[in-house]
1. Could we say that E95 is more than 22 Å from D124 (Cβ to Cβ), without any contact (Cβ under 8 Å) to a residue 40 or more places away in the chain and charged (D, E, K, R) here?
2. Looking only at segment 31-46, count how many residues are without any contact (Cβ under 8 Å) to a residue 60 or more places away in the chain, part of a strand (DSSP E or B) and within 18 Å of D124 (Cβ to Cβ).
3. Would segment 85-99 turn up any residue that is under 11 Å from the mean Cα position of the chain (by Cα) and either closer than 12 Å to V27 by Cα or surrounded by 14 or more Cβ atoms within 10 Å (Cβ to Cβ) (or both)?
4. With the requirement that a residue be exposed (fewer than 14 other Cβ atoms within 10 Å of the Cβ) and on the phi < 0 side of the Ramachandran plot, what does segment 31-50 give you?
5. Using the structure shown, decide if A72 is exposed (fewer than 14 other Cβ atoms within 10 Å of the Cβ), modelled with pLDDT of 95 or more and touching a Phe, Trp or Tyr at 6+ places or on another chain (Cβ under 9 Å).
Amino acid sequence: MRIQLMLVCIWTTITMLTGCGPGQGDVSGTVMFQQKPVAGGTVTFYDEANGVASDTVKDDGSYTVKNVGAGAARIAVIAPMAISMPGLNAPKPIEIPAKYADRLQSGLTYQVTRGSQTHNITLD
């Protein structure tokens, strides 16, 4: 009986501790540069535990990055590469400053919380 009580106490403690972690959040928003969407780019969130989560930016500038660790996150935005092919009349992608591709130089941060949230990114 004593061993069973001890096992129940241990199990309860472990369950409580794992449930009290910072959790994860899903971050949605738009990425804009000079009032235009950064279509085809990539948004990447780097959380405090060096976790990485990213999403491709849609044509309208929208993105949804899922499972970002809660807490302070640094953000990098990478513009799409311009690829030309004979006979392909693709629009030229927006060129953004290279600093935004580096999470340490971009200056972009966000405090992620548990659950869904919106964070619009405006690049200077």
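1. When the stated conditions are applied, E95 does not pass them.
2. Counting residues in segment 31-46 that are without any contact (Cβ under 8 Å) to a residue 60 or more places away in the chain, part of a strand (DSSP E or B) and within 18 Å of D124 (Cβ to Cβ) gives 2.
3. no
4. K36, E48, A49, listed by residue number.
5. Criteria met by A72.
The values are calculated or read from the model by the stated rules, or taken from the named source; none is laboratory data. Nothing here was measured: the structure is a model prediction, and the numbers come from that model. Because the Cβ atoms are built from the backbone with ideal geometry, glycine has one as well, and the counts that use them run over all protein chains shown.
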